[in-house]
Amino acid sequence: MKNNYFSEKYWKDPTIANKILREIFLLSKKIKKSINIMEVCGTHTMAIAASGIRDILPNNVNLISGPGCPVCVTSAGDIDRIISLSDISGDKLIITTFGDMLKVPGSGRKSLSEAKVNGADVRVVYSPMDAVKIARDNPSKEVVFVGVGFETTAPLIALTVMESVNININNFSVTPLFKLVPPALRFLLDSKIAKIDAFLLPGHVSAVIGYEPYDFLVKEYNMPGTIAGFEPLDILRGVELLLRQIESGRPGLDVEYSRAVKKEGNKVALSVMKKVYGTYDAQWRAIGPIKNSGYTLSGTYEKYDAFKKFAIKERKVEEPAGCLCGKVLLGLVKPNACHHFAKGCTPQTPIGPCMVSSEGACAAWYKYGLKR
Amino acid sequence: MLYDKILLACGSGGRLTSEIIKEVFLKNFSNKILKELEDSAVLDFGSTKLAFTTDSYVVNPLFFPGGDIGKIAVCGTVNDLSVKGARPYAISCAFIIEEGFPLTDLKKIVVSMKKAANEAGVLIVTGDTKVVERGKADGVFINTSGVGIIEKKVEISQSKIRPGDVVILSGELAAHGVSVLNARNNLGINGDIKSDCAPLNGLISQFLKKYEVKSIRDITRGGLGMILNEAASACKFSIEIEEDLLPISDPVKNACLMLGIDPIYAANEGKIAVFASEKNAQEILKLMKNHRYGKRAAIVGRVLSEKKSKVYLKTSIGARRILTMPEGEQLPRIC
């Protein structure tokens, strides 16, 4: 039978999974010591939990979640800035957002969802272009799109901003809180706070940025990396490739997800981002500012920056008391180590963002009842 | 409860709905019949047994591929009666209409209700009409209640589920949830995804005449994940289903992947889960597959002897994880 690499079934095939698993067990036996593989993508975190991969891996191979969930890495101060938009919402301002952001609590545990219950005009959209449509249909109101995300989301929103320039929509703006993956990896390696032996690199982000931005991992840090897709076999194969690099003592950069990722990335997306954004020292939750780790609107597009338009200043806000989201993001603790986990903090009554976002590590552990 | 105002999630059929029912309604209304918390109440008059149910319909948009609010309002109540083994006899319909609502739309909805009622063989025998000011309702809300007659020997209850029983699913999951989401937000997802909205009394009566079943559940909001958790907690045993056995059409599966929605928790309006002994299950499955609303029926799991009331999912690659109760409405993700 011909393998259909584009059929979802192929990437879940239990026979192939078992073959890869046998290899993983052999390699892990040879390596002996405990290996920490960090996945830096929330979609990986979810896929790993949903397919139950952790439970079938050898005991000395640990998958730990890193700062890969866009909502979770948004600093508590930035979340407060977004929620503070609801104070001027209602008759004059419409807040549009992806669903993920709705329930994320700010420092006072107030969320956009709660602001909506209390009368703010908050609308969930599925595409940032829908927000522009809302702006066009409501010319007497301001419409803000909550822009949060990595290199995957950023190009789409850059296009949206360009489109609103084209069609002359001036009552539309964006909270430009985009974050970049490679600077976060460098921060993790420089700070040495978590023991990381290899990175399972994000498939979709890499489809946008290509391979090159990861070159420093091997060159400067001798750090094994594999760009992997999101089906169970992608992830298993990614783990196998990483263990092979570790076992051979030759760290490299493997691309398991070659059916979607090209060396040069997505040229259109890259050029759009270059046009609309400039880098800045983004604030990361529980980490603080990381040099040149974010994209913000720049040049002629700066006037679409909602924070500037409505004079919402940067804020420094303490993490919620006892919340371990920061440590979870850095791979220092597993979600169930937090004493709020599944008690005061659930997806409906979250204390920290990792429990709310559908890509958050705490949400994955809660939803899929993980123990390990 | 950790909130002081009603959240949308309180009505989404997940954990928060259960919480409101327990903490607010059951606390005040509790009685022997209500506390069963199944799709219909069973009223036993000695010589006659009746199933009685009610449901309000508040779907947005009112018209979507595969159905409309009127069709759901009839089918939903017919199905709630049928899964208790009742023959639907009569239903009521009460309309709450927003001022300014187009008459042609109302007529369309009513014609759709008539068609569904005809197909189900049930009479609409009483009703009510209220109109509220513009802005006080979302177009139209419909409530239907229904009564059905249960044959004396038929006794269907989740508490009868035992280890070794199998779970039969009557067809492909999540079509309704995805179809409505697609229509509501103009997502433009192609692939002819239509709501599965249908009256299932014909399908159910076909196998119920011949074979004993332990329980039948109408899988609506909260999806299969919700009703399996309810069944596990009612019968006290754990249940295991297999990911690879779950029938889901390719377009629906792809749409769910794209939106970050789990089809196991997505809404259906024409699907049931049947719990029956392994021996009867094969025969029931055959009968289902011969019916127009059960063509893609499949056995998807079984009841375990473990007394933990947990639900497990065996994943495609052979791992096993817990299938928890859904939390609230599913929100599409960022990337």
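Taken together, the values in this text are just the output of simple stated rules run on the coordinates, not laboratory data. Since the model is a prediction, treat every value here as computed from it, not as a measurement. Positions of Cβ are backbone-derived with ideal geometry, glycine not excepted, and every protein chain shown enters the neighbour counts.
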Checklist entry - Once you average over the residues of A:132-144, how many Cβ atoms of partner chains fall within 10 Å of each Cβ? => result 0
Item to check | For residue A:305, residues with placed amide H under 5 Å, excluding near neighbours | outcome: A:174
Checklist entry - Could you give the dipole magnitude of chain B about its Cα centre, charging the beta-carbon of Lys and Arg +1 and that of Asp and Glu -1, in debye to the nearest 20? => result 800
Item to check | Overall dimensions of region A:33-171 as given by Cα atoms, namely Rg and Dmax in Å | outcome: 18.6, 63
Checklist entry - Looking at region A:1-96, which trypsin sites (Lys or Arg not before Pro) are DSSP coil and have at most 11 other C-beta atoms within 10 Å of their C-beta? => result A:2, A:9, A:32, A:33, A:92
Item to check | Isotropically averaged projected area of chain B, using the convex hull of Cα atoms (one quarter of hull area), nm² | outcome: 18.0
Next on the checklist: Looking only at chain A, where both bridge partners belong to it, what percent of the DSSP beta bridges are antiparallel (to the nearest 5)?
Outcome noted: 25
Checklist outcome for this item: GNM of chain A, Cα pairs under 10 angstrom: of A:88, A:48, A:24, the biggest fluctuation goes to A:88
Checklist entry - Based on the mean of other beta carbon atoms within 10 Å per residue, what is the order of B:198-210, A:144-156, most packed first? => result A:144-156, B:198-210
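To the nearest µm²/s, what D does Stokes-Einstein give for chain A at 10 °C and 1.306 mPa s, using the Kirkwood radius over alpha carbon pairs as Rh?
This corresponds to a translational diffusion coefficient of 75 µm²/s.
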Checklist outcome for this item: Of all lysine pairs in region A:31-159 that are eight or more residues apart or on different chains, those with Cα atoms under 24 Å apart total 12
Checklist entry - Quick one: Debye curve from the C-alpha atoms of region B:166-217, no solvent, what's log10 I(q)/I(0) at q = 0.15, 0.21 Å⁻¹? => result -0.57, -0.82
Item to check | Isotropic mean projected area of the C-alpha convex hull, region A:325-365 (nm²) | outcome: 2.4
Checklist entry - Debye sum, Cα scatterers, region B:31-150, no solvent: what log₁₀ I/I(0) at q = 0.19, 0.23 1/Å? => result -0.97, -1.25
Checklist entry - Of A:360, B:294, B:282, whose Cα points farthest to the positive end of the dipole of the protein assembly as shown (charges on the beta-carbon: +1 Lys, Arg; -1 Asp, Glu; origin at the Cα centre)? => result B:282
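Kindly provide the chymotrypsin sites (Phe, Trp or Tyr not before Pro) of region B:1-36 that DSSP labels as loop, not H, G, I, E or B, and whose Cβ sees at most 10 other Cβ atoms within 10 Å. Numbers along the way, then the final one.
Values: sites: B:3, B:25, B:29; in loops: B:3.
Listed in order of number, the matching sites amount to none.
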Item to check | Electrostatic dipole magnitude of region B:31-150 [Cβ: Lys, Arg +1; Asp, Glu -1; Cα centre; debye, to 20] | outcome: 260
Checklist entry - In whole percent, what relative contact order does chain B give with Cα contacts below 8 Å and a gap of six or more residues? => result 23
Checklist entry - Given H placed on each backbone N at 1.01 Å, which residues far from residue B:149 in sequence or on other chains put an amide H within less than 5 Å of it? => result B:51, B:87, B:89
Checklist outcome for this item: Restricting to Cα pairs under 8 Å and 6 or more apart, the percent relative contact order of region B:1-143 works out to 24
Checklist outcome for this item: Expressed to one decimal in nm², the mean projection of the alpha carbon convex hull of region A:178-293 is 7.7
Checklist outcome for this item: Here region B:158-322 gives, from Cα atoms, an Rg and Dmax in Å of 15.5, 46
Checklist entry - Which percent, nearest 5, of DSSP beta bridges in region B:158-322 are antiparallel? => result 80
Checklist entry - DSSP loop trypsin sites (Lys or Arg not before Pro) in region A:145-244 with at most 15 other Cβ atoms within 10 Å of their Cβ, which ones? => result A:192, A:195
Item to check | Amide H partners (placed H, <5 Å) of residue A:61, local residues excluded | outcome: A:35
Checklist entry - Cα centroids of region A:302-372 and region B:97-114: how far apart, whole angstrom? => result 45
Item to check | In degrees, nearest ten, helix A:128-137 long axis to first principal axis of chain A (Cα) | outcome: 10
Next on the checklist: If you fit an axis through the alpha-carbon atoms of helix A:14-31 and take the longest principal axis of the Cα set of chain A, what angle between them do you get, 0 to 90°, nearest 10?
Outcome noted: 70
Item to check | 10 Å Cβ neighbours from other chains, averaged over peptide B:309-317 | outcome: 6
Checklist entry - In Å, what is the Rg of the alpha-carbon atoms in the protein assembly as shown, and how long is Dmax? => result 26.4, 84
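Give me a single rounded figure for B:318-327: the average over its residues of other chain Cβ atoms within 10 Å of their Cβ.
Counting other chains' Cβ atoms within 10 Å and averaging over B:318-327 gives 6.
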Next on the checklist: Placing +1 on the Cβ of each Lys and Arg and -1 on the Cβ of each Asp and Glu in the protein assembly as shown, which of B:188, A:148, A:332 has its Cα farthest towards the positive end of the resulting dipole?
Outcome noted: A:332
Checklist entry - Once Rh for region A:13-75 is found with the Kirkwood sum over Cα pairs, what is the Stokes-Einstein diffusion coefficient at 25 °C and 0.890 mPa s, in µm²/s? => result 189
Item to check | Cβ crowding within 10 Å averaged over residues, with B:254-267, A:254-267 ranked highest first | outcome: B:254-267, A:254-267
Checklist entry - Helix A:154-166 versus the longest principal axis of chain A: what angle, 0 to 90°, nearest 10, using Cα atoms? => result 30
